[in-house]
């Protein structure tokens, strides 16, 4: 089972630094790729906001943190 650690209440500066460490950026609201284009959630195709992002363990997949998207991720990647 995958262990999930929430960063929802972490300061925005921490989240932005974490994204930089993973090769991403932020415009203060959205998660951006290295070309400064908004990252879209792979399941609902909506831009991922820094305040609602989920970074899944063992990956650099960044999703919106709604339960349906997390379940879709687990269905796709958990064995």
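The values are calculated or read from the model by the stated rules, or taken from the named source; none is laboratory data. The shown structure was predicted, so the numbers you read here are calculated from the model rather than taken from an experiment. All Cβ positions, glycine included, derive from the backbone under ideal geometry; neighbour counts span all protein chains shown.
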Only one of 55, 62 is touching a strand residue (DSSP E or B) at 6+ places or on another chain (Cβ under 6 Å), surrounded by 11 or more Cβ atoms within 10 Å (Cβ to Cβ), closer than 18 Å to residue 7 by Cβ and at pLDDT below 90; which? 55
Matching residues in the stretch 29-79 (without any contact (Cβ under 8 Å) to a residue 40 or more places away in the chain, assigned to a loop (DSSP other than H, G, I, E, B) and within 14 Å of residue 8 (Cβ to Cβ)) number 2
